[in-house]
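> Okay, handing you the structure first.
The values are calculated or read from the model by the stated rules, or taken from the named source; none is laboratory data. These numbers come from a predicted model, not from an experiment. Cβ coordinates were reconstructed from backbone atoms using ideal geometry, including for glycine residues, and neighbour counts include every protein chain displayed.
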Amino acid sequence: MDKKRLSVVIIAKNEAELIGDCLQSAQWADEIILLDGGSTDATVHIAAQYNAKVFSHTEWQGYGKQRQIAQGHASGDYIFMIDADERITPELRASIEQVISAEIQQKQVYNCARRNYFLGRFMRYSGWYPDRVIRLYRNENYRYNDNLVHESLDYGDAQVIALQGDLIHLTCRDYFVFQRKQFNYAESWAHQSFQRGKTSSMMSAINHGFGAFIKTWLIRRGFLDGKHGFLLACINAQYTFNKYAALWALSQQEKRNQ
């Protein structure tokens, strides 16, 4: 049986520090597609060194749209979507190759466990492991949704199959960079939710924030990750509070402008 072609697809902007190792881990794929969002560093140059097919789209419409555009440049039978701060392990590669070498299953998508790095260590609990994410799927059958942030694959009623092996994710190497990214995500989420007619109250923001702490620290056993787990629970609470507080602020701003 013929092996199907695999396209590894990446969206990136100013990822020169991380993109090389990501591309190195994907060199075995039939093609690598990198959609650049307007980098001013060496991202594009490094990608070219790894024989990636580089395209550009600088009109930012959100993560979901950017992934759709990137996938549109891919010619493989299967897509594996990856980010610049992620790396494919040998075990995961073997599992992916097994799928694309087998008979095509039209209504199946595939997820993998992410091993998330947080300020010097890989987390084992806190909802950060195994942290399964759908990344492998048929090119002609599925696309990402239009979400500005927290985008996901629209896979309908397809069966989700677990791949073996981990995807390494260098989630948080710098506290301040991570916090700035979290605030940007919260802002984008609030604007998206506001545009969809959602509202929030300050009490709702407080309750959601407290709930996020409990979920991370207790329900997802963040306490087993020690100090790192406690800090992550606090960050998740802060991020969740910021989302709903920002949504509340947008509602208040609209009322003032009426």
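> From the list Ala29, Ala70, pick out the single residue that is in the same structural domain as Leu148 (by TED's automatic domain parsing), touching a residue at least 12 places away in the same chain (Cβ under 8 Å), assigned to a loop (DSSP other than H, G, I, E, B) and surrounded by 23 or more Cβ atoms within 10 Å (Cβ to Cβ).
The conditions single out Ala29.
To keep it simple, each residue is scored yes or no on (1) buried (at least 17 other Cβ atoms within 10 Å of the Cβ); (2) in a loop (DSSP other than H, G, I, E, B).
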{"site": "Asn51", "(1), (2)": "no, yes"}
{"site": "Gln66", "(1), (2)": "yes, no"}
{"site": "Phe80", "(1), (2)": "yes, no"}
{"site": "Ala94", "(1), (2)": "no, no"}
{"site": "Val99", "(1), (2)": "yes, no"}
{"site": "Gln105", "(1), (2)": "no, yes"}
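> So, one more: Go through Lys243, Lys215, Lys198 for me and flag whichever is of a type in the set (Lys, Arg), outside any helix (DSSP H, G or I), modelled with pLDDT of 95 or more and in contact with a helix residue (DSSP H, G or I) (Cβ under 8 Å, 6 or more places away or on another chain). Don't jump to the end; show me each part of the working.
Working: Lys243 fails: outside any helix (DSSP H, G or I); Lys215 fails: outside any helix (DSSP H, G or I).
The match here is Lys198.
> Also, I was wondering about something else. Which residue is surrounded by the fewest Cβ atoms within 10 Å (Cβ to Cβ), if the candidates are limited to the range 130-159 and must be acidic (Asp, Glu) and either in contact (Cβ under 8 Å) with a residue 60 or more places away in the chain or on the phi < 0 side of the Ramachandran plot (or both)?
Top of the filtered list is Asp157.
> So, one more: Regarding the range 200-211, can at least one residue be identified that is within 20 Å of Ala84 (Cβ to Cβ) and surrounded by 13 or more Cβ atoms within 10 Å (Cβ to Cβ)?
Start the filter on the range 200-211 by keeping residues that are within 20 Å of Ala84 (Cβ to Cβ), which leaves none.
Taking every residue of the range 200-211 in turn, none turns out to be within 20 Å of Ala84 (Cβ to Cβ) and surrounded by 13 or more Cβ atoms within 10 Å (Cβ to Cβ).
> Which of the numbered conditions does Ser251 fail, given that it passes all the others? Conditions: (1) modelled with pLDDT of 95 or more; (2) assigned to a helix (DSSP H, G or I); (3) surrounded by 14 or more Cβ atoms within 10 Å (Cβ to Cβ).
Here Ser251 clears every test but (1).
> Within the range 97-121, track down each residue that is closer than 27 Å to Lys215 by Cβ and touching an Asp or Glu at 6+ places or on another chain (Cβ under 9 Å). Before you say what the answer is, go through the steps one by one.
Going residue by residue through the range 97-121, those that are closer than 27 Å to Lys215 by Cβ are 109-121.
Listed by number, the residues that qualify are Cys112, Ala113, Arg114, Arg115, Asn116, Tyr117, Phe118, Leu119, Arg121.
> Of all the residues that make up the range 218-239, how many are within 21 Å of Ala186 (Cβ to Cβ) and without any contact (Cβ under 8 Å) to a residue 24 or more places away in the chain?
The total comes to 2.
> Can you tell me which condition Trp189 does not meet? The list is (1) crowded, with 16+ Cβ neighbours inside 10 Å; (2) of a type outside the set (Gly, Ala, Ser); (3) outside the structural domain of Ile235 (by TED's automatic domain parsing); (4) within 16 Å of the chain's Cα centre (by Cα), and all the others hold.
Just one mismatch for Trp189, condition (3).
> Right, here's the next one. Given the options Ala205, Ala246, Ala162, name the one that is under 25 Å from Asn111 (Cα atoms) and of a type in the set (A, V, I, L, M, F, W, C).
Checking each option against the conditions leaves just Ala162.
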